[in-house]
Amino acid sequence: MKPLITIRRVPKIDFMRWHRPGFVFSGLLTVLTVVLYLTVGLNYGIDFLGGTLVEARTTTGPANLSEMRSKLDALGLGEVSLQEFGGPSDVLIRFAQQPGGDASQMQAVQKIREALGPGIDYRRVEVVGPSVGSELIRAGVLATVLALGAIMVYVWFRFEWQFGVGAMVSTFHDVFTTVGLFAVLQLEFNLTTLAAILTIAGYSINDTVVIYDRMREAMRKHRSMPFRDLINLALNETLARTILTVSTTTLAVLALLFLGGEVLRGFSIALLWGMFIGTYSSLFIAAPLLYYIQPNRRAVTKDAEPASPTPAPAPPPPAKRASR
């Protein structure tokens, strides 16, 4: 069976020509992320700050969010957010932690029930305390750090330590700039966002490993080629695969973004950004970094040399005929 899309010619793009502007651009993104995180901060959801989530469904028709919001704002519960998800009758109601512990939280839920009146089916109520939220923050940071460390160790053992450093830096760049995106847009940062960040790390390292594997193959085939040209060759040979992978994955993420509702909005935006920034970092960070910390090409080519075959034993000399 023939593939639906084929790219017959390998392009000859000089990626290394743009690696220094790429380093500068990535450095500016990283600095901007640090500044925004320290000044503006993240818009943490109730998963991290603590609060209450109420899942409700109207039984008399589509939910009127503006009317519901006006009723809830009059209760004095602080910031209350309403989000439509799933069908037009499904609503997520979130409000911040109330002083007085769990009893105050349940009293606030009762006030919401009374304010909204009949005609609403309350399907789920979740209360997250501030101590649980701080534990989730620590667990999320620890999970991200361990994932990045495991990625570096995996690439180190599969290739060499120089490849592990390049993969670690590029993946950290993708994760860090995703956090910066949420600081700029002030999207809600919750456990779903954290899952998206870990997904981005896996997606980015997958693309990087494919490029590194092609670079190792090129080092074995072209032992005298300058390393700069070898990097360009590997990037151009994997460019078709990169474009097709990003294109098909983008279609799926766009479907989540436009059809998944408000609940998956932050998750979809994080994935969409992560795919493009991950592809960019593989081309302009992970591969060019090896130009400055070049791996041991002799060790790579030595691993590729086939073992010398064991010489076959010499055939025995022909037996002499007995003289008569």
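Taken together, the values in this text are just the output of simple stated rules run on the coordinates, not laboratory data. This structure is a prediction, so every number in the text was calculated from the model and none was measured. Virtual Cβ from ideal backbone geometry, glycine too; neighbours counted across all protein chains shown.
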**Lys, Arg +1 and Asp, Glu -1 on Cβ, resulting dipole of region 49-89 about Cα centre, debye, nearest 20** = 80
**Prompt:** How large is the dipole of region 51-128 about the Cα centre if only Lys and Arg carry +1 and Asp and Glu carry -1, each at its Cβ, rounded to the nearest 20 debye?
**Reply:** 80
**Request:** Rounded to the nearest 0.05, what FRET efficiency do Arg228 and Phe85 give with R0 = 56 Å and r taken as the Cβ-Cβ distance? Could you check?
**Result:** 0.65
**Message:** Give me the one-decimal nm value for the distance between modelled label points at Met106 and Ala255, 7 Å along each residue's Cα-to-Cβ direction.
**Reply:** 4.3
**Request:** Quick one: order Arg216, Arg17, Arg94 by neighbouring beta-carbon count within 10 Å, fewest to most.
**Result:** Arg17, Arg94, Arg216
**Asked** How large is log10 I(q)/I(0) at q = 0.15, 0.21 Å⁻¹ when the Debye formula is applied to the Cα atoms of region 51-128, each weighted equally and without solvent?
**Response** -0.45, -0.90
